[in-house]
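Asks: Submitted below is the structure of interest, expressed as structure tokens.
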Amino acid sequence: MDITDFYLSDAFTTLKHKLIDVYESKNRHYHNMRHINEMLLLCGSHRFEKTTELCIAAWYHDAFNDTTRNDNEERSAELAITDLSPYLQSPSIEFIKMCILASKHTIPSKFLNSEIGFFVDCDLYILSHDFYYPTYKEMIRKEYSNYTDEEFKSGRIKFLNMLIDRNTVYKQFPHRDKAAMRNMLAERSELLHK
């Protein structure tokens with residue numbers, strides 16, 4: 001089946017409804033349908049050869065969000081492979097898997113190809129939103145409410161440092177780097193002085 005036909009098919013609509021149920025669960029404060037919708041808007045706003053694959057990857061990239069595990073992206077990628085294998089060809093599935101795994105943010109987007117780098121940029125786009133950043137911080141803290149303040153502080157600072165140390169966050173949105181750095185540095189300073 002052609003990927004665009006699949007994206008518009010009843011089969012994918014059924015898969016999306018399953019994912020919507022996951023993203024609308026009560027423990028999802030940031031990694032929820034709002035985040036997915038923002039990803040879909042951003043992924044669909046640029047024309048790449050694999051725009052449809054980017055949108056499908058957006059649907060799956062945070063399917064697993066267990067804050068006690070460090071393999072959520074791998075598990076989300078496996079779910080995508082399982083769900084999509086009956087419908088899509090291997091190259092499309094492999095690309096979707098690569099996007100999902102890249103959303104772990106262990107590789108700076110500047111080292112990724114333009115489409116996967118763009119996907120990672122979309123996932124981190126919130127970091128450059130001055131207006132929404134305070135709400136984002138609160139929602140992230142709620143998702144990690146199973147951790148003590150000290151445990152959360154330590155893990156969050158580690159994540160922020162990983163991104164700050166790169167000196168650049170975005171591959172496709174370099175004009176947003178300054179705002180993202182400002183927000184992350186302010187959050188790190190706030191956490192260090194708690």
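Asks: At 7 Å along the Cα-to-beta-carbon direction for both residue 11 and residue 37, put a label point, then send me their distance in nm to one decimal.
Replies: Distance between the two pseudo-spin positions: 2.8 nm.
Asks: For residue 159 and residue 20, compute 0.36 nm times the residue count separating them, minus their Cα-Cα distance, and round to one decimal in nm.
Replies: Extending this stretch completely gives an extra 47.3 nm.
Asks: Loop-only trypsin sites (Lys or Arg not before Pro) in the stretch 57-146, please: DSSP not H, G, I, E or B, and at most 16 other Cβ atoms within 10 Å.
Replies: 69
Asks: While we're here: Using R₀ = 25 Å, calculate the FRET efficiency as 1/(1 + (r/R₀)^6) where r is the Cβ-Cβ separation of residue 4 and residue 110; round to 0.05.
Replies: 0.25
Asks: So for the chain, what are the equivalent ellipsoid semi-axes in whole Å, largest first, each being the square root of 5 times an eigenvalue of the Cα gyration tensor?
Replies: So the equivalent ellipsoid measures 29, 19, 14 Å along its semi-axes.
Asks: How large is the helix-only mean residue ellipticity at 222 nm for the chain, computed as the sum of -39500 (n - 2.57) over DSSP H runs with n ≥ 4, divided by its residue count, in deg cm²/dmol to the nearest 500?
Replies: Dividing the helical sum by the residues of the chain leaves -19000 deg cm²/dmol.
Asks: Counting only other residues whose beta carbon sits under 11 Å from that of residue 39, what net charge do I get with K and R as +1, D and E as -1?
Replies: The answer is -3.
Asks: Percent relative contact order of the chain, based on C-alpha pairs within less than 8 angstrom and at least six residues apart?
Replies: Relative contact order here is 19 percent.
Asks: I'd like to check one number: the per residue accessible area of the chain, probe 1.4 Å, reported in Å² as a whole number.
Replies: Value for the chain: 52 Å² per residue.
Asks: Percent of accessible area on the chain owned by carbon and sulfur, 1.4 Å probe?
Replies: 54
The values are calculated or read from the model by the stated rules, or taken from the named source; none is laboratory data. Quick caveat, the model's predicted, so the values are computed rather than measured. With ideal geometry, Cβ positions are generated from the backbone for all residues, glycine too; neighbour counts draw on all protein chains shown. Quick note on the areas: whole protein, heavy atoms, side chains included, nothing else; ligands and nucleic acids left out. Shrake-Rupley method; radii C 1.70, N 1.55, O 1.52, S 1.80 Å.
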